[in-house]
Amino acid sequence: MPDVRTQLNHVRDLFRGVGIADTFAIIENVAELLRLGDAYQPPRGMTQRQTQEVRQLLEGAADKVDGVGPLFDRHLLFRLSKILPGGRYPTPRHIVSMIFRIAEVEPSHRLCDLACGSGGFLVCRGITDGNVERTVGVEISPEWVRIARTNAYLHDVQARVEAGNALYVCGPKGELDGETFDRILLNPPFGEKLDAGLAKEVVGWNVGSRSETVFAALALSRLADGGRAAVLVPSGVLSGTGAGERELRRRLVEEHDVEAVVSLPKDAFQPFSSLQTHLLLVRKRTQSQDARTWFLQVESDGYPSGRGRDLTIDPPSFGDLPLIERVLTVRDEEVEESLPEDSPRLGIRWMSLGDGNVRGAVVQAVGANVISSAERFPAVGDEAAFVLLTVESMFGQGGDLFYVKVSLDGGTAEPLEEDPQQLIQRLYKPKSTDPNPGTSLFFKRADPVRAVAFTTGGRALGVAIPSSSTGPPQHELRPSRFVGGEEETHHAGSPTQLLSDIYKNQRLLVRHVDNLLGRLELRPIAGQEGPAPLLGDAVPFGRLSPGQEAVWRRVRDRFENLGDEGQEKAALFTLEEVDGVEPATVASDITRLTVGLLERMGIVMPVTVTDPSTGNSAAFYRLVTEKDLWLLPPKEDPLGEEGVSEQGNT
Ligand SMILES: C[S@@+](CC[C@H](N)C(=O)[O-])C[C@H]1O[C@@H](n2cnc3c(N)ncnc32)[C@H](O)[C@@H]1O
């Protein structure tokens, strides 16, 4: 029995056989076939028998994966292995479903995704009550609108997907003008430039033009009372110094409840992007007295690192995401243990993942208490590794300290009956010159902490701090400001430990180097919507004639694969090759003039190749790539800090 992959390979080959080789074009065809059934018009050259064969292959594959919805959403869409121009790619589904769950979307909620792409968030709903107003998407690309509608249809989810620029659709006289939503879930395009004037008009304040900032602001402005937005953003939104980003953060902190900022691993969006991305979970202000913000760092999302992850299957290991989900969705009242029992100062909740094993803990301060330190101590003799927490009353007068020892071998917690120094002396017998054997786990600043979350391995997942501590001047929201990067307070012990640390660092370094190499060979900067950065603010493509545009489209695709890793580089081409006229002997004037224009615009560059044996030279062109741009001498940035951007997912 062929497996799903083999069956889909066969479908791909049937389309390739009639000249449709591009993965996205094949997905579009399959979407049409699945949506239209017998009314589907096969591409020219595909016989009825072949169309029938495609149908049977898809039916066979769907039977193996719980139906045609999952087949399309997981197995077909994730045959795409690179980001498409305009920042288009399906959000990896393990991220989508985690966000859907931590946003606590209920059936009665009105849900919206303002940049819905393939409709990943919409199909999570599983609502089949016929009320299309409850599940709403907006998408600028007509092709992806069709994909999203098909995806919803195949999942029996009744959804309204509006085609168009979200700024127009939500703006005055737009289809969603004045409408609000209980939940807005969003993976917006990063690094695109939007119309700042229009953004200001629609959002109501001057948010600038960066797509990620504008979309985050738009989501906030469309929340219903008590509504919640979960928006994926790059680091620039959390700490950038551009005016739009600063004002967005001020509004987030002062006018909303920022419930959590979750930093995802750099590889979480591979193979589409290696940019560090964070999830911002925000609630329209509910006037809660005790608002706190969780800052969480995910070390592993359960897939192996790098580009070669198979997103058609669930993550092969647990990773941190299920624990993060528990931290954010389990309510305060679900505290399992209070310490001390008679007048609790701490509440503890153990986290397991349904297999009976304790995998972590959330410890929260009760009432006017705060946690002022959390240190992890190594196992010694019969004593398992433990975390030692210090609790203080916000109004206490020194001396009012309470210590709790949380054992990491499966979870027990008890108040410490002796002085911590005595405990350390008793267990580790340090000499007076030895450093403290503990490792400070959570705190990077001396802010009072309301809660901490850690794994039973003693790794910090994050801290919750009073939202007021994220205040001015910068309202900086990066989790690394509060958590992570453990501060070693003792020297590495054994040579084995030292070697293992060196090995860990080495691996980290290799990942960073890979990352940089990957970026150097990214797809040429030649998206249809995005002018090359050398052009500054000019948008030339709207002014090309249809003939010029056709040449540009052929030029745009001139890149080649460097191997299995999916990396690409700009390919050499001749004028004749992009002429599009058969036989390609002499290029037409329009091709010549258009390529000349692209060269002056800094989008392509001439390359002369000389054969060393004969001395003969041949003239080629190739697209200018990110690598070329990096190699340019630095130039003055007339825009100041606005121009220094942590650019998007192209
Ligand atoms: C990262 S993708 C979203 C993927 C989506 N969450 C999914 O699961 O497929 C971002 C999407 O935003 C769309 N987009 C870009 N600019 C837009 C705009 N101004 N209005 C609406 N959609 C836009 C892109 O076409 C792209 O499909």
Inset, instruction - Kindly indicate whether Val123 is among the aliphatic types (A, V, I, L, M) and open to solvent by 10 Å² or more (accessible area, probe 1.4 Å). - result: yes
Legend entry - Subset of segment 626-650 that is at pLDDT 50 or above and in contact with a helix residue (DSSP H, G or I) (Cβ under 8 Å, 6 or more places away or on another chain) - its residue that is surrounded by the most Cβ atoms within 10 Å (Cβ to Cβ): Glu626
Legend entry - Where a residue in segment 67-89 is under 18 Å from Asn29 (Cα atoms) and its partner, wherever it lies, is near the ligand (Cβ under 10 Å from one of its atoms) and open to solvent by 20 Å² or more (accessible area, probe 1.4 Å), with Cβ under 6 Å and at least six apart: Tyr89/Ile83
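Answer with yes or no whether Gly227 is away from the ligand (no atom under 15 Å from the Cβ) and open to solvent by less than 10 Å² (accessible area, probe 1.4 Å).
Values: away from the ligand (no atom under 15 Å from the Cβ): yes; open to solvent by less than 10 Å² (accessible area, probe 1.4 Å): yes.
Criteria met by Gly227.
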Legend entry - Qualifying residue in segment 321-344 (condition: closer than 16 Å to Arg459 by Cβ, buried (at least 18 other Cβ atoms within 10 Å of the Cβ) and in contact with a Pro (Cβ under 8 Å, 6 or more places away or on another chain)): yes
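Tell me which helices (runs of 4 or more DSSP H) are completely within segment 17-115 and hold 1 or more residues being within 19 Å of Thr312 (Cβ to Cβ), within 12 Å of the ligand (Cβ to nearest atom) and of a type in the set (A, V, I, L, M, F, W, C), or say none if there are none.
By residue number, 23-36, 93-102.
Given segment 130-214, what helices (runs of 4 or more DSSP H) lie entirely inside it while holding 3 or more residues that are in contact with a helix residue (DSSP H, G or I) (Cβ under 9 Å, 6 or more places away or on another chain) and more than 10 Å from the ligand (Cβ to nearest atom)? Please lay out each step first, then the result.
Values: elements: 142-154, 166-169, 196-203.
Where helices (runs of 4 or more DSSP H) fall fully within segment 130-214 and carry at least 3 residues being in contact with a helix residue (DSSP H, G or I) (Cβ under 9 Å, 6 or more places away or on another chain) and more than 10 Å from the ligand (Cβ to nearest atom), they are 142-154, 196-203.
Any idea which of Ser432, Ser372, Ser407, Ser393 is over 23 Å from Thr455 (Cβ atoms) and open to solvent by less than 60 Å² (accessible area, probe 1.4 Å)?
On the way: Ser432 fails: open to solvent by less than 60 Å² (accessible area, probe 1.4 Å); Ser372 fails: over 23 Å from Thr455 (Cβ atoms); Ser407 fails: over 23 Å from Thr455 (Cβ atoms).
Exactly one of Ser432, Ser372, Ser407, Ser393 is over 23 Å from Thr455 (Cβ atoms) and open to solvent by less than 60 Å² (accessible area, probe 1.4 Å), namely Ser393.
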Legend entry - Scan of segment 353-364 for residues that are assigned to a strand (DSSP E or B) and open to solvent by 10 Å² or more (accessible area, probe 1.4 Å), ordered by number: Val358, Arg359, Gln364
Legend entry - Residue that is modelled with pLDDT of 85 or more and in contact with a helix residue (DSSP H, G or I) (Cβ under 7 Å, 6 or more places away or on another chain), where the choices are Arg426, Arg359, Arg376, Arg450: Arg359
Legend entry - Residues located in segment 296-340, provided they are charged (D, E, K, R) and out of contact with any strand residue (DSSP E or B) (no Cβ under 8 Å at 6 or more places or on another chain): Glu299, Asp301, Arg307, Arg309, Asp310, Asp314, Glu325, Arg331, Glu333
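For the structure I just gave you, tell me whether Ile184 is modelled with pLDDT under 95 and crowded, with 19+ Cβ neighbours inside 10 Å. Please lay out each step first, then the result.
Details: modelled with pLDDT under 95: no; crowded, with 19+ Cβ neighbours inside 10 Å: yes.
Spelling it out, it is not the case that Ile184 is modelled with pLDDT under 95 and crowded, with 19+ Cβ neighbours inside 10 Å.
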Inset, instruction - Report whether or not Leu218 is open to solvent by 20 Å² or more (accessible area, probe 1.4 Å) and within 23 Å of Val169 (Cβ to Cβ). - result: no
Legend entry - Scope segment 251-283; condition within 18 Å of Ala217 (Cβ to Cβ), of a type outside the set (A, V, I, L, M) and open to solvent by less than 10 Å² (accessible area, probe 1.4 Å); matching residues: Thr277, His278
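Within segment 116-126, work out how many residues are in contact with an Asp or Glu (Cβ under 9 Å, 6 or more places away or on another chain) and more than 11 Å from the ligand (Cβ to nearest atom). Break it down into steps so the answer makes sense when it comes.
Of segment 116-126, the ones in contact with an Asp or Glu (Cβ under 9 Å, 6 or more places away or on another chain) are 116-123, 126.
Next cut, more than 11 Å from the ligand (Cβ to nearest atom) only: 126.
The number of residues fulfilling the criteria is 1.
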Inset, instruction - Among the numbered conditions (1) in contact with a strand residue (DSSP E or B) (Cβ under 7 Å, 6 or more places away or on another chain); (2) closer than 15 Å to Thr412 by Cα; (3) not in a strand (DSSP E or B), tell me where Trp350 comes up short. - result: (3)
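Condition check ((1) surrounded by 15 or more Cβ atoms within 10 Å (Cβ to Cβ); (2) at pLDDT below 95; (3) within 19 Å of Asp66 (Cβ to Cβ)) across all residues:
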position: Asp3; (1), (2), (3): no, yes, yes
position: Gln7; (1), (2), (3): yes, no, yes
position: Phe15; (1), (2), (3): yes, no, no
position: Ile26; (1), (2), (3): yes, no, no
position: Val30; (1), (2), (3): yes, no, yes
position: Leu34; (1), (2), (3): yes, no, yes
position: Tyr40; (1), (2), (3): yes, no, no
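Of all residues in segment 66-83, how many are over 16 Å from the mean Cα position of the chain (by Cα) and closer than 21 Å to Asp22 by Cβ? Steps first, answer last, please.
Of segment 66-83, the ones over 16 Å from the mean Cα position of the chain (by Cα) are 66-77, 79-80.
Pick out the ones that are also closer than 21 Å to Asp22 by Cβ and you get 71-77, 79-80.
Residues that pass the stated criteria total 9.
The values are calculated or read from the model by the stated rules, or taken from the named source; none is laboratory data. These numbers were taken from a predicted model, which means no experiment stands behind them. Using ideal geometry, Cβ is built from the backbone for each residue, glycine included, and neighbour counts are taken over all protein chains shown. SASA here: full protein model, heavy atoms, side chains in, ligands and nucleic acids out. Shrake-Rupley method; radii C 1.70, N 1.55, O 1.52, S 1.80 Å.
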